[in-house]
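Notes follow once the structure below has been shown.
Values quoted throughout were computed directly from the atomic coordinates according to the rules given, and no laboratory measurement underlies them. As the structure is a prediction and not an experimental result, all values here were calculated from the model. Cβ atoms come from the backbone with ideal geometry, glycine included; neighbour counts cover every protein chain shown.
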Amino acid sequence: PQVRLQSRDFGQHLSQVDDLLQIHALVEGDVAAQAERVRSVGAAAERFLGEGGGYRPCPPEQLRSRVAALELRYRGLSALSAQRRLRLERSRRLWKFLWDAGEEEAWMREQERLLRCPELGRDLPGALRMLSQLEAIRGALGGRAGPLQQLLERGRELLAQGAPDGAAGSLESLWAALPALAGARERRLRAAAGRFQLDAEAAEAEAWLAAAARRVAGPELGHDERSAGMLERRLRELQDEMRRRGPALAALREQAMPGDAADLPDVVPGLAERLAELERRHRELEERAELRRLELRDALGLFAARSEADACALWVGEREQWLLSMEIPERIEDLEVVQQRFETLEPELAALAARVASVGRVTEELQGSGDRNRESARDTWEQLRDRWERFRALAERKKVALTAALNIHNFRLECHETRGWMREKTAAIEATRALGRDLAGITALQGKLSGMGRDLDAIQGKLRELRAEGEKLQGEQPERAAEIREELAGLEAEWEALRRCHRSREESLGQARRLQGFLRDLAALQAWLSRTRAAAGSEDVPASLAEAEGSLRQHESLRTEISHYGADYRSARAAGREVTRGQTDAQSLSLLQRLEALDADWEELG
């Protein structure tokens, strides 16, 4: 065992050291097993030396020296065993460190190889997958940081114990280089992913441009207003999408320009030129889309004009059929019904005129478009215009005929109403004959005749209007001139009758006024005669000269007053003779009696 324990072989690698440790453990077991035997020998020697006299095979000193030498040899063997274990343990720690360092170095070399790999993927998914792998490597680096620091700490301890400095230093430098490699790898991968992303977006834009070009290049313009409107709406949506994609394409081209970092890879060569070409194609497509929009607008205008023209023609056909079948009625009620229908037709005609004009404007706008649209729009417009002009002329003729019939009927109606008005006034004037010849009757007659004068002036103005209207209607409708003259003759006859009646009553009013004046003057004169006769026939004799002179003066005054009233008497007498001349009614006879009494009283007074 001593030879084994003194061996300089501490192993050349970890497994060999483990084998030597196992062997040393067996040796230690043997050494430990000998310890009991050594103690037994020592105990036996002590018992032998402790016995008294007797036979002794060897001297005690020799026995003691032999036991001491055995114990010394055993202690030396134990010390060698402990020393060898210590050296084997130290060797194992060294080889364990070297083993672990080797594994770490191999792992780091593998990561270094992966991080230095020039492969960046062939497309965006490949680049993203490599970025995921890089994140996994970074996660592994973070997970190994703690154990690696412990390993390096063990290396520094071994270095302090005299182990060679090689593995720890290279391991530490290799570990320090990995983060920088990971950062560089990430920059390259992200740059490649960005380029692949630009390439994918460019491919998508290219595919969209191809599809949009096919849509814009289509010759279809629709077959009616609805289909053309749908195509125009879709094209407008496509143009909106083009306007949104234009800035995006410009931004892609800016991103695809070569950067300042020369170490970043160009995994998609010619991407900037490709995007510039896409921008050019995009501008060309916008121009073609605008031309397509103008074509669709013209087609939509043509279809709208056709649709509007068809609607106008349908309306004209319905109203034209009604006008052609319409006969001017004779009854005023039927004429009013037809007139109401014409009144409702007027705003419809105005609205239709605006619609026809809009078709004309669209036609003018389409004159600058393609030959097909221009000729078709012109034909549609000319057909609609001709039919509209014919319809307007027909409607105007019917309206003129209706207006003429209405004018005749209205003229006859006004003549009838005016005749009725004149008859009513004639009857009112005739009714005044029942009024008395007294002052109240004369006053009432005067009031009525005054109002009648105003009415006659109004009737005369109405007659002038009707005469003018009759002359106008005779000029417009000579075929009905006889009927119009007959109506006017009836009016004139009625007017003459009214005027005669009015003049007759005015003359009666003059006679009544003269009679009332005569009666008033007669009553006043008779009253004066009565007073004067009473004064002149007084039988009083003056009692004195003064009374006689007063009576004389009074008598002279009375004679003067009588001479003054002489003219009144003669005037009243002449008026009475005039009023009663040729009259035999009771009132006239009564007036004659009063005149005779007046003559008698005057003669008596004289």
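Computed from the C-beta positions of S227 and A176 and an R0 of 51 Å, the FRET efficiency is 0.10 to the nearest 0.05. Which lysines have a Cα lying under 28 Å from the Cα of K462, excluding residues fewer than 8 positions away in the same chain? Cross-link targets: K399, K425, K448, K472. Net charge of the neighbourhood of W322, taken over other residues with C-beta under 10 Å away and scored Lys/Arg +1, Asp/Glu -1, is +1. The label point for R236 and the one for A276, both projected 7 Å from the Cα toward the Cβ, are 3.7 nm apart. Full extension of the chain segment joining S325 with A106 gains 67.7 nm, where the gain is 0.36 nm per residue of separation less the Cα-Cα distance. What shape does region 75-155 have by the C-alpha gyration tensor, where a ≥ b ≥ c are the square roots of the eigenvalues, rounded means a/c under 1.5, and otherwise prolate means a/b greater than b/c and oblate the rest? Prolate, because a/c is 1.5 or more and a/b exceeds b/c.
Assuming a ≥ b ≥ c are the square roots of the Cα gyration tensor eigenvalues, decide whether region 164-234 counts as rounded (a/c under 1.5), prolate (otherwise, with a/b larger than b/c) or oblate.
Prolate, because a/c is 1.5 or more and a/b exceeds b/c.
With both labels modelled 7 Å from their Cα along Cα-to-Cβ, the A250 to E596 distance reads 13.5 nm.
Neighbours of L141 by Cβ distance under 13 Å: Lys/Arg scored +1, Asp/Glu scored -1, total -2. Compared with the direct C-alpha span, the chain from A213 to A481 gains 88.6 nm at full extension, assuming 0.36 nm per residue.
Applying 1/(1 + (r/R0)^6) with r as the Cβ-Cβ distance of L70 and L26 and R0 = 22 angstrom yields a FRET efficiency of 0.50. Taking Cβ atoms as reference points and 15 Å as the exclusive limit, the residues near G229 contribute a net charge of 0, counting Lys and Arg as +1 and Asp and Glu as -1. Rounded to the nearest 0.05, the FRET efficiency derived from the C-beta distance between E220 and E389 at R0 = 30 Å is 0.25.
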